[in-house]
1. Can you find even one residue in region 361-368 that is in contact with a helix residue (DSSP H, G or I) (Cβ under 8 Å, 6 or more places away or on another chain), under 23 Å from Thr637 (Cβ atoms) and at pLDDT 90 or above?
2. Being open to solvent by 50 Å² or more (accessible area, probe 1.4 Å), aliphatic (A, V, I, L, M) and at pLDDT below 50 is the filter here, so list the residues in region 694-740 that pass it.
3. Do we have any residue at all in region 556-568 that's touching a Pro at 6+ places or on another chain (Cβ under 8 Å) and either part of a helix (DSSP H, G or I) or modelled with pLDDT of 95 or more (or both)?
4. Could you count how many residues in region 212-246 are assigned to a strand (DSSP E or B) and modelled with pLDDT of 90 or more?
5. With region 1-66 as the region, which helices (runs of 4 or more DSSP H) entirely inside it contain at least 1 residues that are modelled with pLDDT of 75 or more and among the aromatic types (Phe, Trp, Tyr)?
6. Report the residue count in region 159-179 for those that are buried (at least 22 other Cβ atoms within 10 Å of the Cβ) and outside any helix (DSSP H, G or I).
7. Identify, by number, the condition in (1) assigned to a loop (DSSP other than H, G, I, E, B); (2) out of contact with any Asp or Glu (no Cβ under 6 Å at 6 or more places or on another chain); (3) closer than 30 Å to Ile374 by Cα that Asp459 doesn't meet.
8. Give the residue that is most open to solvent (accessible area, probe 1.4 Å), with candidates limited to residues of region 341-354 that are of a type in the set (A, V, I, L, M) and in contact (Cβ under 8 Å) with a residue 40 or more places away in the chain.
Amino acid sequence: MTLPNFLEELFKSDDAVVAQWTGVFHENQGAERVLKIWDSKLQGGKWEEGFVNSAVDVVVNRTLKHLKNNKVRKDWRLPHTKVTGQNITDFLHDDSRFLDRYAEGAKYLTRLLKGLLEDDISDQELSRKSRKHRRAQKPTSVRGCIAAMLIFMSSRKVNAFQTIMGHFLHSTGCPKRVLEVFSGLGLSISYTQVQSGLRSLTKDAREQVKEAVMKYTWYIVYDNLNIANKHHHQRADKRDTFDNGTAATVILFPSDKDQAAAAPPALFRPENERPKPDADLFFPTDFDLEVFQQVTRSHVSNAIVQLSPDGSAATAIPIVPIKPLHINKTAFFPLQTMKLDESTIAGNLAVLERITRVGLQLPKSWFAKPNNTIIAGDQMTVSRLLTLKIHRIVDTDPYHSLAWVHPTLQLFHLDMNLCGTIFRTHFGSPQFPGSLASIIILLGRKRLSKEKLEFKAADELLRIVFDAKVQLLYESLRQGDTSDELDIPKFAEIITNSFCDLPSPSLLGLHCTTANINSLLFLRDVAVHIELSEAIKAGDIGRIKHLLPIITLMMHGGGNTNYALELLRLLYGIRHLWTDEWATRVLSSMLVNPKGCDGGWMATDMLQENHNYLLKSIFSSKGSNMTWEYLRDAISTNIRTFQAISCMFEREVGVGSNSTKHKKPSTASDISKIQGYLRESGILCNSDQCDQGIPVVDLRGVGGDKMVMGSINRFLDRQQLEGAVDLEETEALENVIAQV
């Protein structure tokens, strides 16, 4: 009897004893050992081809049988006509193992690919170069991709990977012909199917937001979306254009996103509980100034700690939270873009009507209730909406009177304007040492001028100069001091006391020169800007509330009439007019936490700016093929889904993000240059050689004078008209603020 016949009879036998010994043979890995022996002995022999073909046939048959398993096909189906944001999220699971889980669905194929991709070999067995190549190529991702392609080719309905990949490619501006090529290779669904999926996504997103606004408490933020259309070959009938539109987002209040909306809080305090409406409402209280001094001490100590060597135990003074918001992931819904210019009064009215009637489809009964809906935006948006409310104040219809609209100023645009006010105040002239103009020339900075200012560049410069001056003062104070270098709080206290109130160079042992006083005023002003940014990141509305009166003074002092007026309105509401519950709700609407993590807070209008950036990126990547209608119907409501897909693919294939791949450049060399320049000029050191320059404006002092001289009285007089303020009165108030 031949060996094949013997084995065939052995495995087919019904005899109990034979079956028992056959089981022992398999349990002792007999079949595996025989195959390995044959493999080793048939290497290069004339029977090798037949052996290998037979082994491959076994693997192919078993793999195909598993790929056609109904469970595998059911788990990885995503019909392009029924794509929703939720089922895409369910597939991604936010665990960066999407492709790996895909491969696990076909275990025999996965085992084969592991061997072919050397994925089952430990790092210790590979050379250093091979280990680096493995990390870069991500074999697990390649394995998952191949498995997805083969499953898709066996059944076009098993298309979860291809559907998600198609939407990813489309969101990055991939041309139609390229998408069709990827579809033919089994890597993506077709272009037509992508369009069907986008329509499904948009329809689902619109239904989700309509359901949410009827169930939860929410507010709206919107901002202008300006897109430049450039033509390389310009003609009389084909010139560069600049399109103005509007993008909006509905945001659920963090405390309400997991529960049904409760009764809305009362808006106004009872008359007998309101504080006296006088100038004290708008000026910082002693407690406001005390809080500012405490947080400034922390920011000063943080600048000093940067001098400590690596491994040092020195730490910055911690900031005690005042009223932090609960850390919850903010739920929000991007709305469809609108080809409406919100820079005008009529444009804002059209935006509100488009959002409420078309986007959210709110019934008339909703407006009949006492709903105070916060509409968040920049100063121009708030101003236009307030003017609309003035014009509609006599209307009796709940919707048309806009009684439900509560315009609220937001923090990112406020911070930008505060940064610009500080920058222009301390810009000075290049001929005067210590001025920002001279430091800009010293460092060779670009995009920084009084006429045209880039926020990011200005913010970075202000922080670098702040750190340089604080560290210079610290080193000056430590000369001859025997204190432990870890006694940072002591020196931070001295430095903070020298500028937090009136600038006092004598407290630091310095001469009272113009340059020294200007430098201390600079530290005080920039500390406000830094504190606003840090309070936003911490999600502490208590710190923000205490900072607002100081910013109000500075906006008046810097002649920023528009924001000065809006801050007066905001302070009047918080301190006099509104209930504590509504004031808390207004302040809470200024912050969102998209990731739901500690330190992950951002200004609400910054979230909208991020949405606008994503929309502009997709718009520009599509070129002339993109229209406002397509942006509205297929893109704008789905940008966060696109972002989630993009993040997943980048994580799985090992694409490093900018925040980790490109480290933030060190500021040490710039700080050293600035300090050397200040020493040579005799600034912030024990020298009286530098008494040049023009005194900079004391923003808080001048701002207080402006408020006392007229703006507060005009504002309070106007409030006596019970909100029936006309436009002439508003313009008169702005003129008073503008007067120095």
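1. Yes, there is a match, as at least one residue in region 361-368 is in contact with a helix residue (DSSP H, G or I) (Cβ under 8 Å, 6 or more places away or on another chain), under 23 Å from Thr637 (Cβ atoms) and at pLDDT 90 or above.
2. Ala724, Leu727, Val740 - these are the residues of region 694-740 that are open to solvent by 50 Å² or more (accessible area, probe 1.4 Å), aliphatic (A, V, I, L, M) and at pLDDT below 50.
3. no
4. So the answer is 10.
5. none
6. 1
7. (1)
8. Checked region 341-354; the qualifying residue most open to solvent (accessible area, probe 1.4 Å) is Ile345.
The values are calculated or read from the model by the stated rules, or taken from the named source; none is laboratory data. Keep in mind that what you see is a predicted model, and the values were worked out from it rather than measured. Note that each Cβ is placed from the backbone with ideal geometry, even for glycine, and that neighbours are counted across all protein chains shown. Each accessible area value is taken on the protein alone, full model and side chains, heavy atoms only, with ligands, DNA and RNA left out. Shrake-Rupley method; radii C 1.70, N 1.55, O 1.52, S 1.80 Å.
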